[in-house]
Structure formats: structure tokens, C-alpha cells
Amino acid sequence: MTDVAPPGMSYATDVCAVVVTYRPSLGVLAEALAALTLQVGSVVVVDNGTTDPAFRDFCADRNGLQVLALPGNLGLAHGLNAGIEHARSLPGVRHVLLMDQDSIPESGMVAALRSALDRLAGRGGAGAVGPCFRDPREPADAPFVRIGFPFNRKLHCDGACAEIRCDFLISSGCLIPLEVLDRAGGMDAALFIDNVDLDWCFRASAAGFALYGICAARMRHHIGNRRRKVPGFARGIVVHPPRRLFYMMRNRVLLYRRRYTPARWIAQDIPRLLVKLLLFSLWVPPRGANLRNMLAGLRDGIAGRAAPPSS
């Protein structure tokens, strides 16, 4: 794209942003791309089969925007991998910034992430770094997480530290050196959408790479479609469609089977699985469809069926 960073704004020329889309809100996507093109050397949009003519016109109107159009909805993980491979073909690119279609980086986010990678290189290096983010519907920033038992440790940026060592980074906003992906591998396309980032973080950690949340890097990011009030949950629960619940159940059980998945995560996630199963089958409509999809996901996960869907 043709945008140029304003004077004084750092511009990470060795970073390619990979934005995966599927039926995006064009207004939000336009805001995301406008912010990204001021901060990175290149942007590639990987689209998972969006058929809306307005989306094609939107892409065509943005001079120089690189778009990879996939033949159908092949999933978030497949889209990220396709974008990563495209980034490898671009001259001078050494890092990829993974982005969801509804995530908006604040000014200086990429520069802060890129600077942190350089700073951490003197302390053993980092496999990936991610920003502090907030869902606009929430009153506070999401914490970074260290996995524990029986509960995770939730760590917030409080001005006392520049970075937080953590066990998990969401894929959106994650800055990863290509050489780390060479060693840890790309995203698992069979997972399609849910727990793709968790699986990669577990593999990267098992390969010896550290993960850090960077407090100076900030991003707006939506989690889930909407919230529903449920007794006992002060802020309600994030609601997902039935098909999404299939992947949530199947993929977490698939992760239980993998040797690099931390045992302490499995131990504290099983109760979470049971709570989700009860909530979405008893309280959140459409209850019948929710239950059928969750049980189907559990059956496939227990059987180890991880083939990606055909469409």
C-alpha cells in the first residue's frame, strides 16, 4: 500500500503483517489496514473465501494491497500459514506480525514489539512477543497469563516492568521472527480456528523459546461475538455459534493428547471444559444445537480425528 509513516513514527521495514479475513466488517478492516501500513514494511491480506463483491471492490480500491484469495474457508491457521509463506518471498522480511481482521494496533505498537525483540536478544532472546490488548467492551486490559494449577496467574501491566514473561500469547498482534517459525513450525491447519495460538505457544515453549507480553505495545481486539448474562458470572460469558463450539471442544481434547502440552494446563482446563459444556447446553440458546456440536467435538477429539474440514 502507498501510505507513508509520518515524521517521527518508527517504521519496521523488516516486518510483514499477515491479516486473515473471512466476511470482515469493511469499516473495521479499513481502520486496521490504515494503522498497519503506517507501522510495517508490507501487509498481506489472506482471505478465506469471502464472496461479497463489496469486499473485492474494497481490496481493489487499495493501491498496492497484497491479497491472497483462498478458494474457500480453509480456517485461520491455514490462512496464517499462507501469509507466512508469502512473507518469506518478500525481500528484507525477517518477522511476521499475525493479525485478526478486527484487531486495531495503536500507534507505535509494532515499533514497541520490534524494539522489545532486540532488547530481549541480549537476555537469551524471545520466540515471540505480543501487545497488551483490550476488548472495547471490557473495563480493563486483558492480562498476560502464566499457566498454573489449580488456577492461572494473571499478570497485568502496572508500570513496573517493560515486559512480562508469559506462557501464552493470542495470535493477533503476535510478532514472530521467521527463524523461530523455522524451528517451532507454523500453525496447525488441522485445528482450523480455536486454540491455534495456544498450540503454537506450547510447541514454541517446548522448543526452548520464551514468550513475552510487551506493555508499551497496545491493541484493540474483540473477543467473541457478544456476551450473555448468566447467573454467577458478573460480566456474563462470551457467546459463540454452535459450529465454533465444535472446534472449541474438539481442539482442546486434541491438545490434551499432545506430548508438548503442559500437564498443569490439562489439569486446570478439564474443569473449564465441563463448565462450558453445562453452560452452553443449559443456559445459552440454541441449547440443542450447542450440545450436539459440543458432543461431536468431544467425540472427534477423543478419537484423535483432526482432519481439517473440506470447506
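The values are calculated or read from the model by the stated rules, or taken from the named source; none is laboratory data. Keep in mind it's a predicted model, so treat the numbers as computed, not measured. Cβ coordinates were reconstructed from backbone atoms using ideal geometry, including for glycine residues, and neighbour counts include every protein chain displayed.
Residue pairs whose Cβ atoms lie under 8 Å apart, separated by 6 or more positions or on different chains, with the first residue in segment 177-194 and outside the structural domain of His95 (by TED's automatic domain parsing) and without any contact (Cβ under 8 Å) to a residue 12 or more places away in the chain and the second in a helix (DSSP H, G or I) and among the small types (Gly, Ala, Ser), do not occur.
With the checklist (1) more than 30 Å from Arg153 (Cβ to Cβ); (2) surrounded by 15 or more Cβ atoms within 10 Å (Cβ to Cβ); (3) out of contact with any helix residue (DSSP H, G or I) (no Cβ under 7 Å at 6 or more places or on another chain) in hand, flag the one item Ala296 doesn't pass. Single failed check for Ala296: (3). Pairing each residue of segment 228-241 that is over 16 Å from Arg272 (Cα atoms) with any residue that is at pLDDT 70 or above and of a type in the set (Asp, Glu), provided the two are 6+ apart or on different chains, yields C-beta distances under 8 Å for Arg235/Glu138. Restricting Arg259, Arg243, Arg252 to residues that are in a loop (DSSP other than H, G, I, E, B), under 28 Å from Ala307 (Cβ atoms) and not assigned by TED's automatic domain parsing to the domain that holds Asp158 narrows the list to Arg259. The residues on offer are Phe209, Phe202, and the sole one that is in contact with a Ser or Thr (Cβ under 6 Å, 6 or more places away or on another chain) and not small (Gly, Ala, Ser) is Phe202. Could you check how many residues of segment 241-280 are buried (at least 17 other Cβ atoms within 10 Å of the Cβ) and of a type in the set (S, T, N, Q)? Adding up the residues that qualify gives 2.
Determine, yes or no, whether His78 is assigned by TED's automatic domain parsing to the domain that holds Asp194, in contact (Cβ under 8 Å) with a residue 12 or more places away in the chain and buried (at least 23 other Cβ atoms within 10 Å of the Cβ). Outline the logic, then answer.
Working: assigned by TED's automatic domain parsing to the domain that holds Asp194: yes; in contact (Cβ under 8 Å) with a residue 12 or more places away in the chain: yes; buried (at least 23 other Cβ atoms within 10 Å of the Cβ): yes.
Yes: the conditions hold for His78.
Looking for whichever is farther than 22 Å from Val20 by Cβ and either among the acidic types (Asp, Glu) or modelled with pLDDT of 95 or more (or both) here; the options are Gly186, Gly208, Gly232. Which one fits? Criteria check complete, one pass: Gly208.
The rows are residues; the columns are (1) more than 25 Å from Met109 (Cβ to Cβ); (2) crowded, with 21+ Cβ neighbours inside 10 Å; (3) of a type outside the set (Val, Ile, Thr); (4) assigned by TED's automatic domain parsing to the domain that holds Gly186.
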residue: Cys16; (1), (2), (3), (4): no, yes, yes, yes
residue: Leu26; (1), (2), (3), (4): no, no, yes, yes
residue: Leu33; (1), (2), (3), (4): no, yes, yes, yes
residue: Ala54; (1), (2), (3), (4): yes, no, yes, yes
residue: Asn63; (1), (2), (3), (4): no, no, yes, yes
residue: Leu68; (1), (2), (3), (4): no, no, yes, yes
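Answer with yes or no whether Leu90 is more than 20 Å from the chain's Cα centre (by Cα) and assigned by TED's automatic domain parsing to the domain that holds Pro177. Spell out the reasoning first.
Values: more than 20 Å from the chain's Cα centre (by Cα): yes; assigned by TED's automatic domain parsing to the domain that holds Pro177: yes.
Against the criterion (more than 20 Å from the chain's Cα centre (by Cα) and assigned by TED's automatic domain parsing to the domain that holds Pro177), Leu90 qualifies.
Considering (1) among the aliphatic types (A, V, I, L, M); (2) closer than 19 Å to Ala116 by Cα; (3) surrounded by 13 or more Cβ atoms within 10 Å (Cβ to Cβ); (4) modelled with pLDDT under 95, the lone condition that Ile164 does not fulfil carries the number (4). Looking only at residues of segment 1-38 that are part of a loop (DSSP other than H, G, I, E, B), of a type in the set (Gly, Ala, Ser) and more than 15 Å from Met99 (Cα to Cα), we find that the one that is modelled with the highest pLDDT is Ser10.
Within segment 44-81, being of a type in the set (A, V, I, L, M), within 22 Å of Ala30 (Cβ to Cβ) and either out of contact with any Asp or Glu (no Cβ under 6 Å at 6 or more places or on another chain) or assigned to a helix (DSSP H, G or I) (or both) holds for Val44, Val45, Val46, Ala54, Ala60, Leu65, Val67, Leu68, Leu70, Leu76, Leu80. Scanning segment 160-189 for residues that are assigned to a loop (DSSP other than H, G, I, E, B), closer than 21 Å to His221 by Cα and of a type outside the set (A, V, I, L, M) gives Asp167, Ser171, Ser172, Gly173.
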